[in-house]
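Just below is one structure, and these are the notes that go with it.
The values are calculated or read from the model by the stated rules, or taken from the named source; none is laboratory data. It should be emphasised that the depicted structure is a prediction, and the values quoted were computed from it without experimental measurement. Ideal geometry is used to build each Cβ from the backbone, glycine not excepted, and the neighbour counts take in all protein chains shown. These area figures cover heavy atoms from the full protein model, side chains too; ligands, DNA and RNA do not enter into them. Shrake-Rupley method; radii C 1.70, N 1.55, O 1.52, S 1.80 Å.
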Amino acid sequence: MKPALLKVGTWNIGGGILGRSHQQGVNPSLDHYASVLDKHRPDVLCLQEAHDYHDRRMNQTEWLAKHLGYPYFASFPTSKSHMMENASLALGIVSQFPIRDAVYKQFPNPRLQVVGPNGDDWTLHDKGYVVGRLDLDTGTLGLINGHCFPLQHFDISPTEPMFVQMWDMLTADLLTAGWAGPALAAVDLNYARIEDLLAEVLRPARYLNAFDSTPTTPQGVQKDYILYKHSIRLLTTTVAAAGSDHSYCQASFQL
């Protein structure tokens, strides 16, 4: 059987708003995001901070899928949006392939609070990840799409003991997906040293990091990752600045 070629993208789209993710009262610019995605044309796209409107109107994951002609999509609300009223932040998957058995798993949330730079009270929003699989033409691919706490805004490190359960939880699901067969994970880690948090995942014969030490934000910090099983061959990577507070990240693989 001919090896499968697969392009996988990941993007924190910040509610579809251009510029800083904490802007308020700004209309989304989904046409811009769609134009970037149309240029790169991933086979599978993992979204973080896509807005979900709870059936009051079409959510952003579905809009992008339909606008770009993808047959499969799924949206998983995680918390109330800090950018727009009556919207939730969501993890989204857009795919050329059927999405199977996808479930959302929420991280334990310590409910940290801090006063933001504008004097607003900030409370740590719920975060987590989606675990599922894709039915490719050549077999099944495990997929994880995650978004971790932005702890830098709360002046605390994700290496603190209170977060051990969170990393153990994600590690266990990454390893389980990997044991079952080929697997990929897209994660906005909100942290630049992935080896501090997921060392067990990155051990030999487990997962590799497609964007090793590559900045993925305009500030020159790496927050976004695509991990892939060692049995999968990485072909190319792309990190494209696109007017938002996260770059669009894409990796192509041979399965």
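The table for this structure:
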quantity: Modelled label reach - Trp179, point 7 Å along Cα→Cβ, the stretch 186-229 residues with backbone N closer than 17 Å; calculated: 200-207, 229
quantity: Whole-number Å³ per residue for the convex hull built on Cα positions in the stretch 1-103; calculated: 105
quantity: Two-site label geometry, Asn109 and Ala241: point separation in nm, points 7 Å out along Cα→Cβ; calculated: 3.3
quantity: Ser35/Arg57 FRET efficiency (R0 25 Å; Cβ-Cβ; nearest 0.05); calculated: 0.70
quantity: Length added when fully stretched, Asp196-Leu68, from 0.36 nm per residue minus Cα-Cα; calculated: 42.4 nm
quantity: 5 angstrom amide H check on Ser81, placed H, neighbours 5+ away; calculated: Ala87, Ser88, Leu89
quantity: Solvent-accessible area of Ser88 with every protein chain in place, 1.4 Å probe, in Å² to the nearest 10; calculated: 20
quantity: Apportionment of accessible area to carbon and sulfur, the stretch 205-255, percent (1.4 Å); calculated: 47
quantity: In the stretch 26-134, the GluC sites (Glu not before Pro) that fall in loop regions by DSSP, at most 15 other Cβ within 10 Å; calculated: Glu85
quantity: Choice from Ile99, Ile13, Ile226 showing the highest fluctuation, given a GNM over the chain with Cα pairs closer than 10 Å; calculated: Ile99
quantity: The stretch 145-255: equivalent-ellipsoid semi-axes (sqrt of 5 x gyration tensor eigenvalues, Cα, Å); calculated: 22, 20, 10
quantity: Close Lys-Lys pairs in the chain, where close means Cα under 27 Å and separation is 8 or more or interchain; calculated: 22
quantity: Signed unit charges on C-beta, dipole axis of the chain, positive-most listed residue Gly139, Val44, Ala240; calculated: Gly139
quantity: The stretch 92-208, relative contact order [Cα under 8 Å, separation at least 6], %; calculated: 23
quantity: Value in Å of the Kirkwood radius, where the stretch 77-201 supplies the Cα pairs that are averaged; calculated: 15.9
quantity: The chain, helix-only ellipticity at 222 nm - DSSP H runs n ≥ 4, -39,500 (n - 2.57), divided by all residues, nearest 500; calculated: -4500 deg cm²/dmol
quantity: Relative contact order, percent, the chain [alpha-carbon distance under 8 Å, six or more residues apart]; calculated: 20
quantity: Carbon/sulfur fraction of accessible area - the stretch 39-117, other protein chains in place, 1.4 Å, %; calculated: 47
quantity: FRET efficiency, Ser231 to Met169 (Cβ-Cβ, R0 25 Å, nearest 0.05); calculated: 0.55
quantity: P(r) of the chain over all Cα-Cα pairs, binned every 10 Å from zero, in whole percent; calculated: 7, 33, 39, 18, 2, 0
quantity: Packing-based order for 133-142, 106-115, using average beta carbon neighbours within 10 Å, highest first; calculated: 133-142, 106-115
quantity: Accessible area per residue, Å², the chain with all protein chains present, probe 1.4 Å; calculated: 45
quantity: Fully extended contour minus Cα-Cα distance, from Thr138 to Asn118, at 0.36 nm per residue; calculated: 2.1 nm
